[in-house]
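Peer 1: Let me give you the structure first, and then I'll get to my questions.
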Amino acid sequence: MIGRYAIVGEDVFDVARRIGEIDDGYFVAYSYEKKRFEVHNRHQRGQTLSLVVPYPRLDCRTVELVRYTRAERAAKIAEDIAKANRLAEKKETERLCEAAAKKAEEELVRLTDK
């Protein structure tokens, strides 16, 4: 092991090449320290890390993730997150309402049985 990272130039599914085609600043590195793949962008100011690959190997999911998370899509990503949050909030509200209704019904049964 030399250094903390290995630049991935070639891989079985050409993921590194395909990511480089999305943006010529992108490159894939493997962090020996953190034992993970990372996508970096040499055109970014400051840190070059763009995203951490959440998968144990490079495959088509990585390419799709890089496409999805591009800066140009930030508004769409924010919209998707807001939509998911609204849906989760609605489900939680429904769950709480059902639990409260069940508790009220149980209490009513308890009070009327006396």
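Peer 1: Label residue 77 and residue 10 with points 7 Å out from Cα along Cα→Cβ: what is the distance between them in nm?
Peer 2: Inter-label distance under the simple model: 3.2 nm.
Peer 1: With a cut-off of at most 12 other beta carbons within 10 Å, and DSSP calling the residue loop, which trypsin sites (Lys or Arg not before Pro) in the range 1-44 qualify? Please list them.
Peer 2: 4, 34, 35, 42
Peer 1: Enter the Cα centre distance for the pair the range 66-114 and the range 1-25, rounded to the nearest angstrom.
Peer 2: Centre-to-centre (Cα) distance: 40 Å.
Peer 1: OK, next. Work out the length of the dipole vector of the chain about its Cα centre, built from +1 on the beta-carbon of each Lys and Arg and -1 on the beta-carbon of each Asp and Glu, and round it to the nearest 20 debye.
Peer 2: It comes to approximately 240 debye.
Peer 1: What is the mean projected area of the alpha carbon convex hull for the chain, to one decimal in square nanometres? Present the calculation step by step, with values, prior to reporting the outcome.
Peer 2: Numbers: hull surface 47.4 nm².
The number I arrive at for the chain is 11.9 nm².
Peer 1: Also, quick follow-up: What FRET efficiency would be calculated for the residue pair residue 64, residue 30, taking the C-beta separation as r and a Förster radius of 25 Å, to the nearest 0.05? Let's see the in-between values first.
Peer 2: On the way: r = 20 Å, r/R0 = 0.78.
About 0.80, to the nearest 0.05.
Peer 1: In addition: Go ahead and collect, in residue order, the members of the range 48-85 whose backbone nitrogen is under 14 Å from a label point 7 Å along the Cα-Cβ direction of residue 22.
Peer 2: Once the point is set 7 Å along Cα→Cβ of residue 22, 49-55, 58-74, 77 turn out to lie under 14 Å by backbone N, inside the range 48-85.
Values in this text are rule-based calculations from the coordinates and carry no lab data. Everything numeric here is computed off the predicted structure, so don't read it as measured data. Methodologically, a virtual Cβ is constructed for each residue, glycine included, from the backbone with ideal geometry; neighbour enumeration extends over all protein chains shown.
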